[in-house]
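The values are calculated or read from the model by the stated rules, or taken from the named source; none is laboratory data. Since the structure is predicted, the reported quantities are computational estimates derived from the model, not experimental observations. Cβ coordinates were reconstructed from backbone atoms using ideal geometry, including for glycine residues, and neighbour counts include every protein chain displayed. Heavy atoms of the whole protein, side chains included, go into the accessibility calculation; ligands, DNA and RNA do not. Shrake-Rupley method; radii C 1.70, N 1.55, O 1.52, S 1.80 Å.
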Amino acid sequence: MKPAWFRFLLLLIVCLLPVAGSPPAAQTSQTRPNILIIVADDWSFPHAGVYGDKAVQTPNFDRFAREGTLFTNAYCASPSCTPSRASLLTGRAVHQLEEGGNLWGFLPQKFATYPDLLEKSGYFVGSTRKGWGPGNYQAGGFAENPAGKSYKSFDEFYAQVPQGKPFCFWFGSQDPHRPYDKDSGVQAGLKPEAVVVPPQFPNTLEVRKDILDYYLEVQRMDRDAGAILKRLAADGKLDNTLIVWTSDNGMPFPRSKANLYNFGTHMPLAVRWPGKVAEGRCVTDPVELVDIVPTVLDLAGQPRPPVLHGLSLASTLKQGGAGPHRDVVVSEYLENEEAMAISGPYKLIIGSGKRRRRDGLDNGLPLSGPYVRLYHTRNDPMELHDLGTDPEHQEVVRRMKK
């Protein structure tokens, strides 16, 4: 038998060899999470089973939310694809992003994006389907889409992740964006009588069927995202992956997308990372999607850019944790010169009246002249009763405009 000192030395060599011979990326993967951002295209709150919708089936999002932290008052930076996604990537408010605040514009490269920051710190970065856009990212100085190099699928990306290196991936579903296959929801077995029609829409069979067509694509988004989660679980990577699941802006219906009303700006949002993010928690405090960038960077142990509009939710996501309190939530639609603020029970929408869109989504707003609209969101959650000219609410209007 070998002497005790020899056995100890042999054990020491065996233990040290993997450490001494491992590249830096393999070491960092043990302490840094993989990061997966799931972004739907035109999906409004509360259209998921976990939020109480009985007509749409979202089993993957529902399970995901129960295993993590669910937010009930999350708002996008803009009710339009390009500016909303620019804010999601940079953590900056839309008005800070120059051309990045416009639909079909470009995002100047001088505004740091979290995929670039993580790639520089050793992450393997990629995206699939709809990343930042629509727009011309080359005009902003980017060689690849700001959401990350584009791959045909998550599987193609995943096969190329170097061994031991953490990854950051953006899954940009193109659902439930229009156009829809007419009556596809009914043909798939969804029930018109189960739809709760928002009171700002006509409660007709035609409208119910159109909503079901939208729901069918929500379900496809849920299924496609669930396939990625299943793949990560099969490889034992799911629980070491920080996952954020949300949408860019609201449903493609009147008084929704391209408008600052509730169905245009109020977003689904859930975050999951076992052991680091509280399980089964529901956060009712208001948050903005620009908060995602500082949150992801904090949880990944990465420094933040010096200028961010977003606030980190890292402490909020801990079990029993409390995060930064927002006195006001803001969303902007610069192309139409409109802005929204939510503070306490009130929501204010102001605009110049110079709306540029001519696609049937004007919804009765004036086409010239400034306007102010005020809603008491607790008493009037569907924002049907404008208090903007009510003499008793002028002090609220003055305070919120400021």
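Just 391, 176, 79 to compare: in a GNM of the chain, with alpha carbon springs under 10 Å, which one fluctuates most? Evaluated over the chain, the most mobile residue of the options is 391. Counting only heavy atoms of the protein chains and using a 1.4 Å probe, residue 237 has close to 80 Å² of accessible surface.
Inverting the mean 1/r over all pairs of different Cα atoms, compute the Kirkwood radius of the range 75-150 and quote it in Å. Evaluated over the range 75-150, this radius sits at 12.1 Å.
Taking label positions 7 Å along the Cα-Cβ direction at both residue 143 and residue 66, the computed distance is 4.6 nm, reported to one decimal. List the lysines whose Cα sits under 16 Å from the Cα of residue 402, skipping any in the same chain fewer than 8 residues away. Partners found: 347.
Restricted to Cα atoms, the chain shows a radius of gyration and a Dmax of 23.0, 95 angstrom.
Once both labels are positioned 7 Å from their Cα atoms along Cα-to-Cβ, the gap between residue 95 and residue 328 label points is 0.9 nm. Placing a pseudo-label 7 Å from each Cα along the Cα-to-Cβ vector at residue 376 and residue 152 gives an inter-label distance of 5.8 nm.
Which pairs in the list 152/237; 182/354; 120/149; 152/230 are over 24 Å apart, alpha-carbon to alpha-carbon? Before the final figure, lay out the partial values.
Numbers: 152/237 21 Å; 182/354 33 Å; 120/149 14 Å; 152/230 18 Å.
Violating the 24 Å Cα-Cα cut-off are 182/354.
Across the range 320-329, coupling constants 3J(HN,Hα) worked out from phi with the 6.51/-1.76/1.60 Karplus curve, θ = phi - 60°, read x, x, 10, x, x, 8, 9, 6, 8, 10 Hz, and Gly and Pro carry x. With θ taken as phi - 60° and the Karplus curve 6.51 cos²θ - 1.76 cosθ + 1.60 applied, the whole-hertz 3J(HN,Hα) list for the range 62-70 is 4, 5, 4, 5, 5, 8, x, 10, 9 Hz, x standing for glycine and proline. Straight-line cross-link partners of residue 276 among the aspartates and glutamates, defined as a Cα under 18 Å from its Cα and at least 8 positions apart when in the same chain: 67, 239, 291, 298.
Under a Gaussian network description of the chain, with springs only between Cα atoms under 10 Å, the residue in 81, 282, 168 that fluctuates furthest is 282.
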